[in-house]
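> Structure incoming, see below.
Nothing in this text is a laboratory measurement; each read-out follows from the coordinates by a stated rule. As the structure is a computational prediction, the values presented were derived from the model and not from experiment. Please note: Cβ atoms are built from the backbone with ideal geometry, for glycine as well, and neighbour counts cover all protein chains shown.
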Amino acid sequence: MTSNTPKRLIVVGNGADLYCNLKSTFEDFIAHQIQNNKENWETLDKENKKIRQMITVPTSINEMRELNSNLKKSSDGNIWEQWLFYLRIEAPEQKNWSDIESNMTRILTNGYVTRALKGDYKVFDQQISGERCSVYYFLALLKHSYDDHLPLLDKLHQDLAKVERDLGSYIREISNDSGYFNTLDSLYTKLIQNEPYNLLNFNYTNPFGDLKEKPCVFRNIHGDTNAPILGIDSTNVSCDSPVLTFTKTYRILEKMPTMKSSKDFYKLLDENINEIVFFGHSLSSNDYAYFQSIFDFYNIYNSRVKIHFYYSIYNNDKEAEISTQQYKSITDLFEHYGKSMDNESHGKNLLHKLLLEGRIIISRITPDQKQPWNR
């Protein structure tokens, strides 16, 4: 492969790193944080159990005197760390970063939380009912910061920046292993099929200088280990919302000067590309805006561009479940994109048309062998 004209656009998510045995899930990161600060986290765990019992009864945040007292005894006061740890207890099945960012979106766009962030502190006196426990908990964390006279938005930004720094350090540490690079090389050989390619990377890892077949152009759209980005979906966030600065779009603009990309990253969507390849991405709604931009650029309804979805079975006991989820995610993606098209009838029959023309391909990747390394 010697041409510098890309024929494929490779889109990878965290599943690609997991395929290479990298322990890069939300669960892995939190487990690492706990291990590094066991005493604080054990205290927080005990307090969380008390807190969960208290917030099962609808009440105002100000009435939860014992709760506010408990919060002062736990963790290092980082709102996001405390809330993520609580979320891990409340919903242990949520291991994907897309799940966590979806929860961040829900919590920051919650009506009660938005009121507090706008400076309406009467919300702390209001009777609150019908909300998830994590909402009560997040409001209690905000109330604790308010009692300490800390500007809430500034506090949330500072705390999120610390979580991102810790996350970057963790990913950098675990990815510094030859076994990871070897497995990744083998994976990309399968994905590129000996064709020159551009790469859109949703991961924080940045090993592409060490690949045998390097991308023509690459971009780490959510930052890398030096400047990782955690953010919320901007779809339903207005320009005057207090949480605008937490959207991925805003935070990418904010961190663009420090983000790792090839110099000509603006050529990522090259007109010569004839196949878009996905692997290891959950295809969650959090990233639909990116996919819509790609599909619009290549005019997928009228063009001859193929869309190839690779997937792997990471748990043999759940083979049918994993395959079914892959098909559902693909169907949801095109249904959502179809609704954005100007021609309503084209939108409704988009997936059917792509299937009829053989432009949707779904392939299963099987590892050559399990790598012996596994952190």
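> Highest mean first, how do 18-25, 237-244 rank when packing is the count of other Cβ atoms within 10 Å averaged over residues?
Put in order of decreasing packing, that is 18-25, 237-244.
> Using the structure shown, select from Lys143/Lys248; Lys214/Lys306; Lys214/Lys318; Lys306/Lys328; Lys328/Lys348 the pairs with a Cα to Cα distance greater than 24 angstrom.
The pairs that break the limit, which is 24 Å between Cα atoms, are Lys143/Lys248; Lys214/Lys318.
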